[in-house]
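Peer 1: Take this structure, written in structure tokens, and hold onto it; I'll ask about it next.
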Amino acid sequence: CVRWVARLRCDEAMTSIAPSVALRNAERNGTRQVAITAKQPDVKLAVDAFRRGVAKATSVETLLSDPAVMKVLLRANGLGDQAGYTALAKRALLSDLNDPKSLANTLSDTRWKAVAKTYDFANKGLSVIKDAKVQQAIADGYAEITWREALDRQTPGLSNALTFRAQAAKVESVYDILGDKVLRD
């Protein structure tokens with residue numbers, strides 16, 4: 001009960017911070033906070049299940065059929081909102097980007113194409129995701145997304161503000177903004 005009351009007070013204190021102060025704090029302490037988030041039991045459990053799924057996968061199809069793998073892979077790559085669409089996810093991630101008619105190339109949501117390009121399951125199979133550095137990058141991405149979701153619960157829109165500030169210098173046209181959900185928001 002004491003922990004719950006202390007946490008409630010902490011949450012109340014966090015929500016009373018001005019959004020501009022919360023943004024500065026998140027930018028200043030982000031790396032440390034993501035590392036702390038990565039050590040949380042639920043995050044460690046999900047990442048460990050992901051690593052086990054990758055280790056036992058014998059094909060890309062078996063890998064993408066594992067709910068624990070899909071949960072972490074999609075969320076770490078900014079597609080957590082698509083986790084319920086497993087058939088779409090499998091087809092999009094298995095897309096051969098050399099084929100202009102492949103699903104990832106035809107979807108209006110360009111995130112699928114970016115993720116398909118990153119892992120290139122159609123041409124490289126499991127070789128990319130079996131790499132320990134790639135698995136660590138996915139684990140780090142999962143922890144960061146979890147941290148950002150916690151930020152948004154305390155200060156709605158804070159995660160989008162961080163993304164906008166990080167990507168603003170790369171925007172070259174209005175289409176870059178309109179084609180990216182976070183920048184558009």
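The values are calculated or read from the model by the stated rules, or taken from the named source; none is laboratory data. Quick caveat: nothing in here was measured; it's all calculated off a predicted structure. Reconstructed Cβ throughout: ideal geometry from the backbone, glycine too, with neighbour counts over all protein chains shown. The area values use the complete protein model at the heavy-atom level, side chains included, leaving out ligands, DNA and RNA. Shrake-Rupley method; radii C 1.70, N 1.55, O 1.52, S 1.80 Å.
Peer 1: Considering the range 150-166 alone, what residues qualify as being closer than 22 Å to F50 by Cβ and either of a type in the set (S, T, N, Q) or exposed (fewer than 14 other Cβ atoms within 10 Å of the Cβ) (or both)?
Peer 2: S159
Peer 1: Turning to a different aspect of this structure: Looking at S159, S102, S173, S108 in this structure, which one is modelled with pLDDT of 90 or more and hydroxyl-bearing (S, T, Y)?
Peer 2: S102
Peer 1: With the condition kept exactly as written, say whether any residue in the range 4-25 is of a type in the set (K, R), at negative phi and either open to solvent by less than 70 Å² (accessible area, probe 1.4 Å) or at pLDDT 90 or above (or both).
Peer 2: no
Peer 1: Against the definition (touching a residue at least 24 places away in the same chain (Cβ under 8 Å) and either out of contact with any Gly (no Cβ under 7 Å at 6 or more places or on another chain) or among the small types (G, A, S) (or both)), how does G84 come out, yes or no?
Peer 2: Criteria not met by G84.
Peer 1: Could you list, in sequence order, the residues of the range 100-116 that are outside any helix (DSSP H, G or I) and either among the basic types (K, R) or open to solvent by less than 60 Å² (accessible area, probe 1.4 Å) (or both)?
Peer 2: Passing the criteria: K101, S102, L107, D109.
Peer 1: Could you tell me whether any residue of the range 111-121 is out of contact with any Asp or Glu (no Cβ under 8 Å at 6 or more places or on another chain) and modelled with pLDDT under 90?
Peer 2: Looking through the range 111-121, at least one residue is out of contact with any Asp or Glu (no Cβ under 8 Å at 6 or more places or on another chain) and modelled with pLDDT under 90.
So that you can scan it fast, the table gives a plain yes or no per residue for (1) under 20 Å from S59 (Cα atoms); (2) open to solvent by 70 Å² or more (accessible area, probe 1.4 Å); (3) assigned to a helix (DSSP H, G or I); (4) acidic (D, E):
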position	(1), (2), (3), (4)
L73	yes, no, yes, no
A92	yes, no, yes, no
N98	no, yes, no, no
T118	yes, yes, yes, no
A122	yes, no, yes, no
Q135	yes, no, yes, no
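Peer 1: Just to be sure before I move on: is A169 in a helix (DSSP H, G or I) and open to solvent by less than 70 Å² (accessible area, probe 1.4 Å) in the structure I sent?
Peer 2: Spelling it out, it is not the case that A169 is in a helix (DSSP H, G or I) and open to solvent by less than 70 Å² (accessible area, probe 1.4 Å).
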